[in-house]
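Structure first, then comments.
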Amino acid sequence: MIYTVTLNPSIDYIVQIDQLTIGDVNRMKGDLKLPGGKGINVSRILKRINTDSTALGFLGGFTGSFINNWLEREDIKTNFTSVEDDTRINIKLKASEETEINGQGPIVTANEMGTLKEALGHLATDDIVVLSGSKPASVPTGFYQELIEIIKAQGASFVIDTTGADLMDALEKGPLLVKPNNHELADLYQTTFNSIEDIYPFGQRLLDEGAQHALVSMAGDGALLFTQEGVYRSNVLKHQVKNSVGAGDSMIAGFVGSFTKTQDPVEAFKWGVACGSATTFSDDLATADFIQELLPEVKITKVK
């Protein structure tokens, strides 16, 4: 079983207007409400590539009910921990430029955190837990590490998609996969990249410090996969870019969904690129049909 953990989900409220005028009444020409959160995105894409998962995390209030009901309509299993506060709403304002206003997230109590830990207390050795995204401000530093200890104590595997200290602290625990983009990788090691080749030693460093596999996405330059057998690069698919939200989550879903079936990281990389690219070329998360359409376009080359 694959489990996804989203500590700070949201309703993504997408508002479309022609032009934003500050200090005046603006009338929208369209709007859309979607379940948001990195782990939730992973579960939604996994479902589209015929891979089951269970979505965990914190949900509360009418906003939390909206998210849970949406996932149930998509036939995604959920086991969220209920919190007293409302799940946040993130506003994505699309005008001549795109503006985002993100909510802080709910106050999560110690008892609620304990309930989530208990939900992770019955894992099997072949289970994979995907830990994705930011934490609410009320969740203490080190909470991801507490979850990782629970996962590892049961012999299960974990994937982590976050940044900074949470990512660095997780490396020594041997994550199955990490996925920083090139900018996040540079920030992690306090450096800059002037070429794709500059990334190679730092991707390798992720492995040296404990990761089993590392994906580094590079937007318009494709992506890199670092494994103990070598470094691989994907081509760049040529379609109209529509959306960047959820592309990295889709890449993780494609990789993990394929890897659970094949244990082949290069084939999993191909699926990850197809899923991530399909979301980039879609208005929302990629559809199953579009992922299958793009899969033959993905070419993987060993570069090192």
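The values are calculated or read from the model by the stated rules, or taken from the named source; none is laboratory data. What you see is a predicted model; the values in this text were computed from it and never measured. In this analysis, Cβ positions are derived from the backbone assuming ideal geometry, glycine residues included, and neighbour counts consider all displayed protein chains. With ligands, DNA and RNA removed, areas are computed over all heavy atoms of the protein, side chains included. Shrake-Rupley method; radii C 1.70, N 1.55, O 1.52, S 1.80 Å.
Summed over the residues of segment 65-154 and divided among them, the accessible surface reaches 53 Å² per residue at a probe radius of 1.4 Å.
Scoring 20-30, 152-162, 244-254, 101-111 by mean Cβ neighbours within 10 Å over their residues and listing the highest first yields 244-254, 152-162, 101-111, 20-30.
Heavy atoms only, probe 1.4 Å: what % of the accessible area of the chain goes to carbon and sulfur, would you let me know? It is 47 percent, rounded to a whole number.
Among the GluC sites (Glu not before Pro) in segment 195-252, those placed in a DSSP loop whose Cβ has at most 11 other Cβ atoms within 10 Å are GLU229. A simple spin-label model places the labels of LYS261 and LYS238 2.9 nm from each other, with each point 7 Å out along Cα-to-Cβ. Charged side chains reduced to their Cβ positions (Lys and Arg at +1, Asp and Glu at -1) give the chain a dipole of some 520 debye around its Cα centre. Computed from backbone phi, the HN-Hα couplings of segment 54-60 come to 10, 8, 10, x, 10, 9, x Hz, rounded to whole numbers (Karplus: 6.51 cos²θ - 1.76 cosθ + 1.60, θ = phi - 60°; Gly and Pro given as x).
For the chain, calculate the relative contact order in percent as a whole number, restricting contacts to Cα pairs under 8 Å that are 6 or more residues apart. Averaging sequence separation for qualifying contacts and normalising by length gives 15 percent for the chain.
Taken about its Cα centre, segment 20-77 carries a charge dipole of roughly 120 debye when the Cβ of each Lys and Arg holds +1 and the Cβ of each Asp and Glu holds -1. A straight Cα-to-Cα reach below 18 Å connects LYS152 with the aspartates and glutamates GLU118, ASP126, ASP127, ASP161, ASP166, ASP169, GLU172, GLU209, residues fewer than 8 places away in its own chain not being considered. Taken over segment 247-304, the convex hull of the Cα atoms encloses 80 Å³ per residue. Normalised by the number of residues in segment 120-194, the average gap of Cα pairs under 8 Å and 6 or more apart makes the relative contact order 32 percent. Each helix, a run of at least 4 DSSP H residues, gives -39500 (n - 2.57); summed and divided by the residues of the chain, these come to -10500 deg cm²/dmol at 222 nm.
Pairs from the list LYS33/LYS242; LYS38/LYS299; LYS173/LYS302; LYS47/LYS179 with a Cα-Cα gap above 23 Å: LYS38/LYS299; LYS173/LYS302. Once the gyration tensor of the Cα atoms in segment 206-266 is diagonalised, the equivalent ellipsoid follows with semi-axes of 22, 14, 11 Å, ordered largest first. For THR78, the residues whose modelled amide H falls within less than 5 Å of its own, excluding neighbours fewer than 5 places apart on the same chain, are ALA55. Summing Lys and Arg as +1 and Asp and Glu as -1 over all other residues whose Cβ lies under 15 Å from the Cβ of GLN190 gives a net charge of -3. Among beta bridges identified by DSSP and lying wholly in the chain, the antiparallel ones come to about 40 percent.
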